[in-house]
1. Consider residue 305 carefully, then state whether it is over 36 Å from the mean Cα position of the chain (by Cα) and either surrounded by 14 or more Cβ atoms within 10 Å (Cβ to Cβ) or modelled with pLDDT of 70 or more (or both).
2. Listed residues 2, 85; which is at pLDDT below 90 and in contact with a strand residue (DSSP E or B) (Cβ under 8 Å, 6 or more places away or on another chain)?
3. Can you tell me which of 143, 139 is away from ligand 2 (no atom under 16 Å from the Cβ) and free of Cβ contacts under 8 Å to residues at least 24 places away in the same chain?
4. Quick one: what pairs do we get from segment 147-165, first residue closer than 15 Å to residue 176 by Cβ, second open to solvent by 20 Å² or more (accessible area, probe 1.4 Å) and assigned to a loop (DSSP other than H, G, I, E, B), C-beta under 7 Å, 6+ apart or different chains?
5. Mind telling me which of the residues 243, 207 ends up being part of a helix (DSSP H, G or I), away from ligand 2 (no atom under 16 Å from the Cβ), at pLDDT below 80 and surrounded by 12 or more Cβ atoms within 10 Å (Cβ to Cβ)?
6. Among the residues of segment 116-131, count how many are modelled with pLDDT of 90 or more and either in a strand (DSSP E or B) or open to solvent by 20 Å² or more (accessible area, probe 1.4 Å) (or both).
7. Only one residue in 163, 134 is β-branched (Val, Ile, Thr), under 25 Å from residue 80 (Cβ atoms), away from ligand 2 (no atom under 16 Å from the Cβ) and open to solvent by less than 10 Å² (accessible area, probe 1.4 Å), so which one is that?
8. Identify all residues within segment 172-192 that are in contact with a helix residue (DSSP H, G or I) (Cβ under 8 Å, 6 or more places away or on another chain) and surrounded by fewer than 18 Cβ atoms within 10 Å (Cβ to Cβ); write none if there are none.
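The values are calculated or read from the model by the stated rules, or taken from the named source; none is laboratory data. Since we're looking at a predicted model, the values are computed, not measured. Cβ atoms come from the backbone with ideal geometry, glycine included; neighbour counts cover every protein chain shown. In case anyone asks, the SASA skips ligands and DNA or RNA and just uses the protein heavy atoms, side chains included. Shrake-Rupley method; radii C 1.70, N 1.55, O 1.52, S 1.80 Å.
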Amino acid sequence: MALDFAPHARAGHTPGRVVVQHRDGYLVVTDVGELRAKAAGRLLQDAEEGGYPAVGDWVALTPDLAGVSTIHAVLPRRTVFTRRAADSARKVQVVAANIDVAFVVTSLNADLNHRRIERYLAAAWQSGARPVVVLTKSDLSADPEAEAAEVAALASGCPVLVVSAREGRGLDALLAQVQPGETCVLIGSSGVGKSTLVNAFLGRARMAVDEIRESDHQGRHTTSHRELVLLPGGALILDTPGMREVGLIDAEEGVGEVFDDIERLALHCRFNDCTHEGEPGCAVRAALDSGELDPGRWANFRKLGVELAAAEEKAERAAREAERRRLAALQKTYRATKRDHRGGRHD
Ligand code: GDP
Ligand code: ZN
């Protein structure tokens, strides 16, 4: 661990890594085993937005081998995957922390979806992790290399790997992307082959691929360290259900990274606030006309921008609704109290 744990050690605390977050607590991997834990009341009080422990966090805790351990501190995070809280547009939830490499996994079958890859990439860039695109099930594709080249064109600045778990193809190249001691995650839609990849790495069926979907959260954590797996070569893979759902992004900065070619173009528009809708001297239009910028890619960029705005608006509406309900509840309590003061008349 590159982080300075000394002050926590002096306080008598043990280091641990959060591998699972439940509604009512955490599972933390430590030197003394996998422990159930809760955040100390003071930590919860002090926690700023996103300050609660999250999957992947290094924490300082007091171990309680039989009962519930107490988490006293969350160590500074190197990277964070976030998502906007459902009940507030301004609140940000940390989905996972300290991820070094994000494998954006998608399968080379009929529904290879470029837009989806762009969204996952945006989430990965935004987090601070290094994204790597993984195209799975190459055994099902007539021309995996051509498909990879197309994806490489939209994933500027990140490696694109072709693998087949079935044929054992490309797995070493994938492992080579993660250094010993680093943590990686597999993100991508359900069914693209993430569990199969993890199993392939372990060289055995770590988990029955279908079983994981059917079992509930409670039943899943009896085997220790199941979610934080040591890979051959010394890297770690964090494989938790929550992590798999990352990618519904609200990450404008991340979008910029994936479409950096378009952003660079836009710098050359004559007007700073060019909307690229037909202004004179628009570099984006010029690139579209000359064929330098692919119209499909431009359309994706536009669409993503619109979706981000829509997602934001929806989150804000939800926040207003939550506030309205809170006030309504307060009012009800207030009225009830008033009635009680008037002599317990309940109508
Ligand atoms: P996950 O939901 O992303 O974890 O996907 P799974 O690992 O459960 O895989 C979904 C399906 O794809 C399963 O039926 C796998 O057997 C199949 N699958 C996974 N990898 C490959 C592969 O390399 N080639 C082929 N043909 N099928 C695969
Ligand atoms: Zn323009």
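1. Considered against the rule, which asks whether it is over 36 Å from the mean Cα position of the chain (by Cα) and either surrounded by 14 or more Cβ atoms within 10 Å (Cβ to Cβ) or modelled with pLDDT of 70 or more (or both), residue 305 comes out as no.
2. 85
3. 143
4. 159/177; 161/170; 162/170; 163/170
5. Details: 207 fails: part of a helix (DSSP H, G or I).
When all the criteria are applied, what remains is 243.
6. Residues that pass the stated criteria total 2.
7. 134
8. Passing the criteria: 175, 189, 190.
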